[in-house]
Amino acid sequence: MDWKTFQALLSGVNKYSTAFGRIWLSVVFVFRVLVYVVAAERVWGDDQRDFDCNTKQPGCTNACYDHYFPISHIRLWALQLIFVTCPSLLVVMHVAYREDRERKNRSKNGENCTKLYQDTGKKHGGLWWTYLLSLFFKAFTEVAFLYVLHRIWDSFDLPRLVKCVEISPCPNTVDCYIARPTEKRTFTYFMVGASAVCTLLCVCEICYLIAKRIFRCIQKRKNRQCNSVTYSKASTCQCHAKLEQVSLHAMHKKVECLRSSAPNLTLL
């Protein structure tokens, strides 16, 4: 896997992310991808070769290793990193789709035409839903892979000794020893902890986005209510002013009628 290309693709997500998203991306690259590439691959590189069993039965060692390690930790973590980071690419693709629509709109209607989007990278409308769904998918994927890791080996711990019981072609019970179990246990706990931190960051970002959206909707509703109250007050004032003008006009007409009918009368 070309991790440099993988990093270059995901680096574009950083400018479209919130503060929680930027922290998540840093944790993924520094504490997961780099640890995976620099150290973890080397620790599990000799896993099958140094899996020693106390028998010389042909094929028994391979059968025991396949029974206890149906999938290697290192390959499971590689799949986890791919599935966790790929949803972030959907955000980049959605922004690219918006930019393409904006470019086509300018080419069709001119450079001074009305923009389809005020900011193609701003999380509004469909982009907000794409971003939110990607967070839900990432959180679900992290939890699912942690469950699979715990389910396959019954825990996150790696024992020094495993017993292969009634596994063909092994005779009876065979004792097998895992190479460097303490070092592998340390890396396993570290990767599990990093995955848990990423899950927590995804949950925090989901709560932040939803709370911000609710607050914005409440603010819009308040602004609409204030505008409607201001408009009703202004219309009421205009009605009162018109009524006063009509009453004054009617009063002047009455005075003029009285003067024309009795010119010698004076109004006190």
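The values are calculated or read from the model by the stated rules, or taken from the named source; none is laboratory data. Just so it is clear, the model here is predicted, and its values are computed rather than measured. Using ideal geometry, Cβ is built from the backbone for each residue, glycine included, and neighbour counts are taken over all protein chains shown. Heads up: the accessible areas ignore ligands, DNA and RNA and are worked out on the full protein's heavy atoms, side chains in. Shrake-Rupley method; radii C 1.70, N 1.55, O 1.52, S 1.80 Å.
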Output the residues belonging to the stretch 58-95 that are over 37 Å from the mean Cα position of the chain (by Cα), open to solvent by 80 Å² or more (accessible area, probe 1.4 Å) and touching a residue at least 24 places away in the same chain (Cβ under 8 Å).
PRO58
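Residue by residue, here is whether (1) in contact with a strand residue (DSSP E or B) (Cβ under 7 Å, 6 or more places away or on another chain); (2) farther than 19 Å from GLU142 by Cα holds:
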{"position": "LYS15", "(1), (2)": "no, yes"}
{"position": "ILE23", "(1), (2)": "no, no"}
{"position": "PHE31", "(1), (2)": "no, no"}
{"position": "TRP44", "(1), (2)": "no, yes"}
{"position": "ARG49", "(1), (2)": "no, yes"}
{"position": "ASN54", "(1), (2)": "yes, yes"}
{"position": "HIS67", "(1), (2)": "yes, yes"}
{"position": "ARG75", "(1), (2)": "no, no"}
Which pairs turn up if I take residues in the stretch 170-181 that are more than 13 Å from ASP52 (Cα to Cα) and look for partners that are open to solvent by less than 70 Å² (accessible area, probe 1.4 Å) with beta carbon separation below 6 Å, at least 6 apart in sequence or on another chain?
CYS170/CYS60; CYS170/CYS164
Could you identify the single residue in SER195, SER155 that is in contact with a Lys or Arg (Cβ under 8 Å, 6 or more places away or on another chain), open to solvent by less than 50 Å² (accessible area, probe 1.4 Å) and of a type in the set (Gly, Ala, Ser)?
SER195
Enumeration of residues in the stretch 1-56 that are out of contact with any Asp or Glu (no Cβ under 7 Å at 6 or more places or on another chain), β-branched (Val, Ile, Thr), modelled with pLDDT of 80 or more and within 30 Å of HIS124 (Cβ to Cβ):
ILE23, VAL27, VAL28
So for the stretch 128-136 (the condition being out of contact with any helix residue (DSSP H, G or I) (no Cβ under 7 Å at 6 or more places or on another chain), of a type outside the set (A, V, I, L, M) and not in a helix (DSSP H, G or I)), does at least one residue qualify?
no
For the stretch 59-111, which residues satisfy the criterion of being of a type in the set (Gly, Ala, Ser), more than 30 Å from PRO171 (Cβ to Cβ) and in a helix (DSSP H, G or I)?
ALA78, SER88, ALA96, SER107
Of the conditions (1) surrounded by fewer than 16 Cβ atoms within 10 Å (Cβ to Cβ); (2) free of Cβ contacts under 8 Å to residues at least 60 places away in the same chain; (3) not β-branched (Val, Ile, Thr), PHE190 fails just one. Which one is it?
(2)
Within the stretch 141-154, is even one residue modelled with pLDDT under 85 and in a loop (DSSP other than H, G, I, E, B)?
yes
Just the residues that are open to solvent by 70 Å² or more (accessible area, probe 1.4 Å), farther than 20 Å from GLN80 by Cα and touching a residue at least 12 places away in the same chain (Cβ under 8 Å), please, taken from the stretch 99-152.
GLU99, ARG101, LYS115, LEU116
